Structures are given as structure tokens and as C-alpha cells.
Amino acid sequence: MEKNVPKKILITGGAGFIGSHVVRRFVAKYSNYKICNLDALTYAGNLENLKDIEQEPNYTFVKGDITEQDFVNNLFAQNLFDGVIHLAAESHVDRSITDPLSFVKTNVLGTVNLLNASLELAKSNPNFLFYHISTDEVYGSLGKDGFFTEKTAYNPNSPYSASKASSDHFVRAYGETYGLPYIISNCSNNYGPNQFPEKLIPLFINNIIQNKPLPVYGDGNYTRDWLYVKDHARAIDLIFHKGQKRETYNVGGFNEWKNIELTKLLCRLMDKKLDREEGTSEKLITFVKDRPGHDLRYAIDASKINQELGWEPSVTFEEGLKKTIYWYFDNQEWLNHVTSGDYLEYYKKQYQA
Ligand code: NAD
Ligand code: DAU
């Protein structure tokens with residue numbers, strides 16, 4: 001890319017959890033870029049996540065749906081982006097079990113619309129890059145040992161992970177078939193500020209604050225690898241700027257926790273924060289019916305991004321959890337806002353059984 005020409009970057013899903021951290025980082029760090037945030041503002045997207053940067057001169061927001069082909073084509077034709085960082089998605093596994101089609105629409109069809117529009121721009125811009133933010137869930141489940149590497153075969157088990165695997169395949173296929181320059185990264189479980197309280201950590205923080213049960217699926221012996229969201233945003237920045245085109249990078253926290261152990265740690269930290277007697281929050285733990293097709297264990301081997309790009313997580317889990325807990329305490333209004341509306345209906349249905 002020519003020097004001093006402002007980079008026009010489209011970030012999709014920038015009003016969501018990870019996207020908002022990526023948008024904020026790029027807007028703050030790259031004043032010479034033009035950052036366009038495209039988001040449909042579904043239940044998971046919230047412009048309050050970006051209140052602090054909405055007036056910045058290098059930032060614009062466009063409300064729109066990536067499943068609408070004409071809208072996407074027009075947006076690309078009008079803006080001539082140099083690159084796309086694609087995060088917009090339906091992201092919650094439980095929702096994918098009750099409504100798989102929404103996941104096919106947004107995650108597969110929406111991604112293919114963006115790929116088609118990108119192809120047009122890549123024809124006249126050899127530096128164009130399509131960067132797809134994906135998940136470790138595409139690899140399926142590990143047993144007690146081993147790690148996912150970039151060479152692990154895809155073996156998705158949930159409608160969510162099947163839709164993300166499919167979108168990854170389309171991205172790669174557009175690279176092979178049409179020569180579209182792309183990068184994919186597959187990351188482990190993120191946590192931190194602004195995460196919608198349907199995912200394990202913010203749901204349990206919210207429930208402890210409200211003295212509600214903590215629904216642990218099955219026996220709680222399922223393992224996830226947790227990464228603080230700002231470390232993921234840092235990885236995305238690095239991969240976008242320094243990653244090799246047509247490559248895949250695994251991003252993870254080297255930080256495996258069984259759900260039940262993580263829940264107990266969270267309970268202890270929350271008891272301290274709430275000045276409650278130790279053990280109070282643990283009494284809220286309730287074992288509930290398991291998630292169908294529940295993957296036993298995820299663990300990322302992040303040595304490629306570490307060795308090639310020098311990335312490693314910078315926030316320890318205890319530090320990150322404390323920051324997260326404090327953020328939810330300081331942002332009760334945000335919590336109240338996002339948990340009104342369809343959220344309550346969803347949870348009534350989810351936990352009826
Ligand atoms: P999120 O659900 O918090 O945010 C998704 C965003 O996409 C929301 O702002 C939503 O409004 C927007 N969106 C949804 N459908 C859209 C559509 N049709 N058109 C335009 N915008 C739409 O998700 P997240 O947790 O921030 O995840 C972001 C991306 O990272 C996803 O692609 C997800 O698969 C991937 N990922 C997430 C994690 C994680 O732990 N959360 C880990 C690895 C990868
Ligand atoms: O691994 C990356 C993925 O992590 C991302 O691609 C997804 O977008 C993201 O949602 C996340 O998926 P998980 O299914 O792992 O996250 P979730 O927070 O839903 O669940 C984490 C673990 O906790 C999982 O084993 C299921 C369990 N769980 C979850 C909830 C919401 C419970 O036991 N009880 C719950 O109420």
C-alpha cells in the first residue's frame with residue numbers, strides 16, 4: 001500500500017463484544033486510517049460499547065445487514081475499502097441449537113456477500129486483504145490431551161461451529177479459486193468488558209449480583225481456554241498488519257479451565273467484591289441439563305503466532321477476571337439495558353427444562 005494514503009478499513013460486527021474492542025483499538029491507534037464499522041445492531045450489538053469514540057474523525061458507523069447483498073455491494077462500491085476485518089456473526093452456541101438457520105444466514109451467506117464485494121475491490125487493489133475472525137470451535141472437541149494446531153482437521157459439532165467452519169472454507173475457497181488475498185484466525189473463548197451476558201462469565205457475574213442460580217451444564221467437567229478480549233484485539237491488529245496472506249493463525253490464552261473450577265474461582269472473587277462470606281456465591285451453583293453436542297475440551301496451540309509475530313497474552317486470568325468483574329459492577333446501566341427486551345424471553349425458554 002502507498003504511504004500516506006489513508007487506509008480505509010471495514011470492520012464488521014464492531015458494535016459487538018470483540019468487535020468493539022477492535023474498533024476502539026484501531027480508531028485510537030491509527031489516526032490516519034478511516035475506520036468504518038458496519039453492524040446490524042442485533043440483540044448482541046450495542047453502540048453504547050463505542051460511546052467514547054463515536055465522535056472521532058477517523059470513525060464512521062453504518063447500520064446494515066451483511067445478508068443483504070445489494071446493500072453490501074453498494075457500501076463497498078461507495079467506499080473502496082482497502083481491507084475488511086470480518087467479525088459480524090451470530091456467536092452463541094445455545095442459540096444456534098434452537099435457531100440454526102439464522103446462523104447459516106449471517107455466518108455463511110453474510111460472509112459470502114462480503115467475499116463477493118471484496119473480490120470487486122481486490123481486482124484493482126493488489127494490497128486488498130480480507131481478514132476473517134473465526135473460532136477454535138471449528139476443530140471440534142479434544143480429548144483429555146493435545147492441542148488444536150493450524151493443521152488440525154475441521155470437525156465442527158454445533159450448528160454455530162458448522163456455520164463458522166463453512167465460512168472459513170468459503171474464505172479459503174475464494175483465495176484458491178479467485179485469488180482473493182485473505183487471512184483467517186481461530187481464537188479460543190474470550191472474556192472481558194462488553195460481553196453480552198448470555199456467555200458463561202458475564203452470565204454468572206450478573207446472576208451472582210442478582211442472587212440467581214448459576215446453571216452449570218452437565219457435570220461441569222468441560223474445559224475451555226480463556227483469553228482476555230483486549231489480548232485478542234491486539235492479536236487481530238498484529239495479524240492484520242503483519243500476518244502472511246493465505247495463512248491461518250490460532251490465538252489462545254494458554255489458560256485452560258474446567259467450567260466448574262472457573263465457576264468456583266468466579267464465586268470466590270465475587271464474594272470478595274460483594275463483601276460476602278466466602279462460600280456464599282458457590283451455593284448458587286446448580287447443575288442443569290447438558291448442552292446437546294457439548295464439546296468436551298478446547299485447547300489452542302498458539303505457538304505459530306507467538307514464533308512468527310511475537311504475540312503472547314499479556315493479561316493473567318486472575319487479573320483479567322478482576323477487571324471484568326469491576327467493569328460489570330461499574331456498568332450496571334449497560335447490563336440493565338442489554339438484559340431488557342428479548343433477553344428475558346430467551347432465558348425463560350432456555351431454562352424452562
Ligand atoms: P457478538 O455476538 O458479541 O457480536 C456480533 C456482532 O455482529 C454484533 O454487534 C451484531 O449486531 C453483529 N451482527 C450480527 N449479525 C449481523 C448481520 N447480519 N449483519 C451485520 N452485523 C451483524 O460476537 P463476539 O463474541 O464479539 O464475536 C465476534 C466474532 O468473533 C464472531 O465472528 C465470532 O464467531 C468470533 N469469535 C468469538 C469468540 C468469543 O469467545 N466470543 C471467540 C473466537 C471467535
Ligand atoms: O471457543 C470460542 C467460542 O467460545 C466462540 O467461538 C463462541 O462465539 C463463544 O460463544 C464461546 O463458545 P462457548 O460455547 O465455549 O461459550 P459459552 O460461554 O456459551 O460456554 C462456555 C462453557 O460453559 C461451555 O462449556 C458451556 C458452559 N456453560 C455455558 C453457559 C452459558 C454452562 O455450563 N452454563 C451456561 O449457562
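Just so it is clear, none of the values below were taken in a lab; they were calculated from the coordinates. Not measured: the values here are computed from a predicted model. Here the Cβ is made from the backbone with ideal geometry for all residues, glycine too, and neighbour counts use every protein chain on show.
Counting 0.36 nm for each residue step from K322 to K245 and taking away their Cα separation leaves a gain of 24.1 nm.
Extending 7 Å from Cα along the Cβ direction at S340 and again at N211 yields two label points whose distance is 2.4 nm. Computed from label points 7 Å out along Cα-Cβ, the spacing between S303 and K258 is 2.7 nm. Label-to-label distance, N73 versus T280, with points set 7 angstrom from Cα along the beta-carbon direction: 6.0 nm. For region 288-295, the Karplus equation 6.51 cos²θ - 1.76 cosθ + 1.60, evaluated at θ = phi - 60°, returns couplings of 10, 3, 6, 6, x, x, 4, 6 Hz by residue, with Gly and Pro reported as x.
Using just its DSSP H runs of length 4 or more, each adding -39500 (n - 2.57), the chain gives a mean residue ellipticity at 222 nm of -12500 deg cm²/dmol after division by all residues.
Averaging sequence separations of C-alpha pairs under 8 Å and six or more residues apart, then dividing by the length of region 105-256, give the relative contact order as a whole percent. Contact order relative to length: 27 percent. Annotation: amide H of R246 within the under-5 Å range of Y182, I183, sequence separation 5 or more or interchain, hydrogens built in the peptide plane. Computing Rg and the Kirkwood Rh from the Cα coordinates of the chain gives a ratio, Rg/Rh, of 0.95.
A P(r) calculated from all alpha carbon pairs of region 120-213, with 10 Å bins opening at zero, reads 14, 32, 28, 18, 6, 2 percent. Only Cα pairs under 8 Å and 6+ residues apart enter the sum, and on that basis the relative contact order of region 1-156 stands at 22 percent.
Residues whose amide H lies under 5 Å from that of F148, counting only those 5 or more places away or on a different chain, are A299, I300, D301; hydrogens are built 1.01 Å from N in the peptide plane.
Within region 257-336, which GluC sites (Glu not before Pro) sit in a loop by DSSP and count at most 13 neighbouring Cβ atoms inside 10 Å? Sites meeting the loop and neighbour criteria: E277, E278. The residues neighbouring P181, those whose beta-carbon lies less than 10 Å from its own, together hold a net charge of +2 under the Lys/Arg +1, Asp/Glu -1 convention. When only Cα pairs below 8 angstrom with a gap of at least 6 residues are kept, region 26-114 shows a relative contact order of 28 percent. Karplus-based coupling profile of region 188-199, in residue order and whole Hz: 7, 5, 8, 8, x, x, 6, 7, 4, x, 10, 7, with θ = phi - 60° in 6.51 cos²θ - 1.76 cosθ + 1.60 and x standing for Gly or Pro. Around the amide H of I285, modelled in the peptide plane, lie the amide H atoms of L214, all under 5 Å away and 5 or more residues distant in sequence or on another chain.
For region 1-110, chymotrypsin sites (Phe, Trp or Tyr not before Pro) are listed when DSSP marks them as loop and at most 15 other Cβ atoms sit within 10 Å of their Cβ; the list is Y43.
Taking Cβ atoms as reference points and 14 Å as the exclusive limit, the residues near A40 contribute a net charge of -2, counting Lys and Arg as +1 and Asp and Glu as -1. If R0 is 41 Å, the Cβ-Cβ spacing of H169 and Q55 corresponds to a FRET efficiency of close to 0.55. Derived scalar couplings between HN and Hα for region 77-90 equal 5, 7, 10, 6, 4, 8, x, 10, 10, 9, 10, 4, 6, 7 Hz in order, rounded to whole Hz, by the Karplus curve 6.51 cos²θ - 1.76 cosθ + 1.60 (θ = phi - 60°), x for Gly and Pro. Electrostatic tally near I236: other residues with Cβ closer than 13 Å to its Cβ, Lys and Arg +1, Asp and Glu -1, net +4. Does region 218-353 classify as rounded, prolate or oblate by the C-alpha gyration tensor (a ≥ b ≥ c root eigenvalues; a/c under 1.5 gives rounded; else a/b over b/c gives prolate, otherwise oblate)? It is prolate, given that a/c is not under 1.5 and a/b is the larger ratio. Note on R291/S31: beta-carbon distance plugged into 1/(1 + (r/R0)^6) with R0 of 35 Å gives a FRET efficiency of 0.20.
Of the listed pairs K199/K230; K7/K323; K164/K304; K289/K323; K63/K304; K164/K245, which have alpha-carbon separations greater than 25 Å here? Correct reply: K7/K323; K289/K323; K63/K304. Here K272 and Y43 are evaluated by their C-beta separation; at R0 = 35 Å the FRET efficiency comes out at 0.65. For region 1-135, the Kirkwood estimate of hydrodynamic radius, built from reciprocal distances between every pair of different alpha carbons, is 15.1 Å. Centre-to-centre separation between the Cα atoms of region 184-257 and those of region 296-329: 8 Å.
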